[in-house]
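For reference, the structure discussed in these notes is given below.
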Amino acid sequence: MTHTAAAVDAALNAITFTADGLVPVIAQQHDSGEVLMMAWMNADAVRETLTTGRVCYWSRSRGKLWRKGETSGQQQRLVEFLIDCDGDTVLARVDQDGVACHTGRRTCFFQAVYNDGLQVTQPIKIPPEQLYGSPKK
């Protein structure tokens with residue numbers, strides 16, 4: 001889904017970015033409600049996401065825009081972009097190709113806390129080596 005310049009401006013004006021110029025974003029599969037991941041967007045990532053319909057984040061580790069799936073092919077297409085009541089968190093309802101997590105799991109939320117400790121709740125669907133090539137040494 002793409003948006004007009006006026007809609008992009010309205011969204012940017014409604015979002016309260018942190019002092020670092022970021023806003024947290026939860027990505028949710030639009031048809032199942034499954035929570036896929038949490039990431040960050042800056043104003044440029046918001047603008048690109050809303051104008052192209054392909055979800056783009058800000059990579060804090062790389063210090064640059066990160067177009068979801070540019071390396072792995074596991075893209076997210078925007079279905080709906082929601083801003084919370086305080087303007088300080090975004091929910092991106094997306095259509096996820098394949099897996100969302102760099103570990104090769106469908107979602108990044110795969111570690112459940114139980115009384116006896118952590119339990120992995122999802123199998124690896126695509127080995128990271130398949131997603132990103134050979135592991136770096």
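The values are calculated or read from the model by the stated rules, or taken from the named source; none is laboratory data. Being a predicted model, the structure only gives us computed values, none of them experimental. Every residue, glycine among them, receives a Cβ derived from its backbone with ideal geometry; neighbour counts consider all protein chains shown. To get the accessible areas, we keep the full protein, side chains included, count just its heavy atoms, and leave off ligands, DNA and RNA. Shrake-Rupley method; radii C 1.70, N 1.55, O 1.52, S 1.80 Å.
Brief remarks follow.
- Within the accessible area of the chain (1.4 Å probe), percent carbon and sulfur: 51
- Among Arg62, Arg93, Arg105, residue whose mean-square fluctuation peaks in a GNM of the chain (springs only between Cα atoms under 10 Å): Arg62
- Distance between the modelled labels on Thr71 and Thr51, one decimal in nanometres: 2.6 nm (7 Å Cα→Cβ projection).
- Scanning residues 5 or more positions from Trp66 or on other chains, those with amide H under 5 Å from its amide H are Tyr57, Trp58, Ser59, with H placed 1.01 Å from N in the peptide plane.
- In the stretch 9-106, taking the dipole from charged Cβ atoms about the Cα centre, the farthest positive-side position among Gly87, Ala100, Met37 is held by Ala100.
- Applying a 4.7 Å cutoff between beta carbons, the unpaired cysteines of the chain are Cys56, Cys85.
- The chain: most fluctuating residue of Glu70, Glu48, Glu34 per GNM, C-alpha cutoff 10 Å: Glu70
- Placed amide H near Asp88: partners under 5 Å, 5+ positions off or other chain: Thr16
- Binned Cα-Cα distances of the chain, short to long, each 10 Å bin given as a whole percent: 12, 40, 33, 13, 2, 0
- Distance between modelled label sites at His30 and Ala10, nm, 7 Å Cα→Cβ extension: 1.8
- Taking the Cα centre of the stretch 29-118 as reference, the dipole from Cβ charges on Lys and Arg (+1) and Asp and Glu (-1) amounts to some 440 debye.
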